[in-house]
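See structure below.
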Amino acid sequence: MQIPQIRLQSTPIKIGLDIEQPVQQIEQKAAVQSIEQPQAILEIHTTRGKLTIDQTKAREDMDLKSLSKRVEEFAQQGYQDWLAGMARRSRQGTELRHIERGGNPLADQAKQNSKGAEKHFNLGWIPSHFSVKLDYEPAQVEIEATAQKPIIDAQINRPEHTYTPGSIDVEILQKNTLDIDFINLFPNKTGEWKQR
């Protein structure tokens, strides 16, 4: 028995593409920049330090006294000696007034009046310690700084851009086909397919 068949045979379409790639060029020039930095305004005010050295006591220890100091000391010493002399004369006068009490007041007074003051010696330092007085006022520095802002000038350069678009050419290399075969089927006069 022959079975009717319809056979289909197709051929796909083949397309060829000719592609030209796009070309893009970008060039970016550097910006032109100018920077100017003004110097800061700096003001410095200085009060000088003050060193005071007082060596009056050291000079006095070395017997290098000023005239006013010597006059003052001599006046004080004269006053003390005058008071001591008055006291001695009063005491000695009282002793002589009471001569009847015995003793030898004239000889004793002559001996006392002929003796000088006792000399004292002691180990010491000339000038004495801390006889030079120092006084120091440190310097004062006032600094005032005023910063100046930089002056910046910048010119921007736009990028240079060129673009060539690509293209695609389409070409049919092979057309599609469809072949139909009828096996064991035949058309009749009415246009219907029948098996023989």
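What the table below lists for this structure:
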{"quantity": "Among (1) open to solvent by 100 Å² or more (accessible area, probe 1.4 Å); (2) hydroxyl-bearing (Ser, Thr, Tyr); (3) modelled with pLDDT under 90, the one test that Tyr79 misses", "calculated": "(3)"}
{"quantity": "Whichever residue in the range 153-162 is assigned to a strand (DSSP E or B), loosely packed, with under 10 Cβ neighbours inside 10 Å and not polar (S, T, N, Q) and, among such residues, is farthest from the chain's Cα centre (by Cα)", "calculated": "Ala154"}
{"quantity": "Extreme residue, most open to solvent (accessible area, probe 1.4 Å), among residues of the range 29-67 that are among the polar types (S, T, N, Q) and closer than 30 Å to Ile143 by Cβ", "calculated": "Gln39"}
{"quantity": "When residues of the range 114-148 are limited to those that are among the charged types (D, E, K, R) and in contact (Cβ under 8 Å) with a residue 40 or more places away in the chain, the one farthest from Asp54 (Cα to Cα)", "calculated": "Glu144"}
{"quantity": "Filtered residue count, the range 164-189, keeping only those that are surrounded by fewer than 10 Cβ atoms within 10 Å (Cβ to Cβ) and either at pLDDT below 75 or assigned to a strand (DSSP E or B) (or both)", "calculated": "10"}
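The values are calculated or read from the model by the stated rules, or taken from the named source; none is laboratory data. Quick caveat: nothing in here was measured; it's all calculated off a predicted structure. FYI the Cβ positions are ideal-geometry reconstructions off the backbone, even for glycines, and counts take in every protein chain you see. Only protein heavy atoms, including side chains, enter the accessible area calculation; ligands, DNA and RNA are left aside. Shrake-Rupley method; radii C 1.70, N 1.55, O 1.52, S 1.80 Å.
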